[in-house]
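The numbers here are math on the coordinates, done by the rules we state, and not lab data. Remember, predicted model here, so these are calculated numbers, not experimental data. Neighbour counts are summed over all protein chains in view; Cβ atoms, including those assigned to glycine, are modelled from backbone coordinates with ideal geometry.
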Amino acid sequence: MSTEHDTDAGEKDNGVAREDNLPASFDSPFDLPAWRKWIITVLLASMTMTVTFGSSVWSATIAVTSKQFDVNETVLILGVSLYVLGFALGPILWGPLSELKGRRLPLFSGFFIWALLQIPVGVVDHLPTILVCRLLGGCFGAAPVALVGAMYADYWEPAERGTATAVYAAAVYGEFLLVSAIGNEPALPSAQSTASRVA
């Protein structure tokens, strides 16, 4: 009798073996409705796309920003370099923390602090402060970049995980289209206003 129960517990209704070998219940994320899984998948991919967009859009404003702060354009490449350096440093914290505290706390705390760090980048008129915020933004923005793929494995079965990963990849690399479409436009009024202030 127990053998039959264990066999039923190790399978889902569609016949796919469960990784955790637990009975089907609402408490298991594998048993969430498909529509809910896809909403979560798209939202998580959007978070990652927002962070990676923040990395790429800086390069579209280097020419204007170099005139605003009266520095060489090579100096402003630090804005990209420090952000990407943060991508390398951040997962050192977020990965182990997600294994100890779960995915939600590091994911949303990192993303929230990343969002706050965009405020000084937009309003501060002091280049070193902006560059420091770019470095910290990369560190905290690395939370969704590092954890979203692991979160997919928490509620998608292996046979279904490939499609979800494709959505993630499209969001991460598709943001370059957004940068080329809108990244250069906001810089034009800024350049004109800067030129008028100098004049």
Item checked: For the stretch 34-187, alpha-carbon Rg and Dmax in angstrom -> 16.5, 54
Next item on the list: Describe numerically, in nm with one decimal, the distance between label points set 7 Å from Cα along Cα→Cβ at residue 163 and at residue 42.
Entry: 1.4 nm
Next item on the list: For the stretch 155-162, just list the computed ³J(HN,Hα) in residue order, Karplus coefficients 6.51, -1.76 and 1.60, θ = phi - 60°, integers in Hz, with x standing in for Gly and Pro.
Entry: 9, 9, 5, x, 5, 9, 6, x
Notebook entry, point to check: Between residue 100 and residue 72, what is the label-to-label distance in nm when each label sits 7 Å out along the Cα-to-Cβ direction?
Noted result: 4.3 nm
